[in-house]
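This report refers to the structure that appears directly beneath it.
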Amino acid sequence: MTEPVQISIHALQHVGLPVSDIETSERFYERLGFRNVMRRSFMHGGEEGTCIMMKREEITIELYQLPERELEGVRQRKDGHIDHIAFDVPDIEAAFHVLKSSGFSIIEATPVTLDFWERGCRYFNMIGPDNERLEFNQIL
């Protein structure tokens, strides 16, 4: 068995779900006791999308709506799907270096900074053996 890499992961940070109507999804999760703790826009393919973080106790769900031209694939699915699982890390640069130097398949060339949360966050993604996307995220 291969030795595990030495990387600090605090907790499961959030699960990301693409949605076709952000307001409808927000109301749905509010009925389950979640509350909106963040709303931000983001750019995707030169167009604006919307992301909200819904939280209930220690559970955070990221709901995001892609720009209109990207929504057809979300609407056509018969089953919903989880887009990514995000791990909370205390040092994004250290996590990036350890995983990249250990030969994992990292998507981004460097960690990406977003204007999410109060002071922003930094993240990168890697691909698992069945093409699952794992995000490593540090809230600043």
Within segment 95-116, residues in a loop (DSSP other than H, G, I, E, B), free of Cβ contacts under 8 Å to residues at least 40 places away in the same chain and not hydrophobic (A, V, I, L, M, F, W, C) come out as GLY103, GLU108, THR110, PRO111
Answer residue from segment 1-45, given it is assigned to a loop (DSSP other than H, G, I, E, B) and in contact with a Ser or Thr (Cβ under 8 Å, 6 or more places away or on another chain) and is nearest to ILE92 (Cα to Cα) among those:
VAL5
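Residue-wise test of (1) part of a loop (DSSP other than H, G, I, E, B); (2) modelled with pLDDT under 90; (3) basic (Lys, Arg).
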| site | (1), (2), (3) |
| --- | --- |
| GLU118 | yes, no, no |
| MET126 | no, yes, no |
| ASN131 | yes, yes, no |
| LEU134 | no, yes, no |
| ASN137 | no, no, no |
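The values are calculated or read from the model by the stated rules, or taken from the named source; none is laboratory data. Predicted, not measured: the structure shown is a model, and the values here were computed from it. Cβ coordinates were reconstructed from backbone atoms using ideal geometry, including for glycine residues, and neighbour counts include every protein chain displayed.
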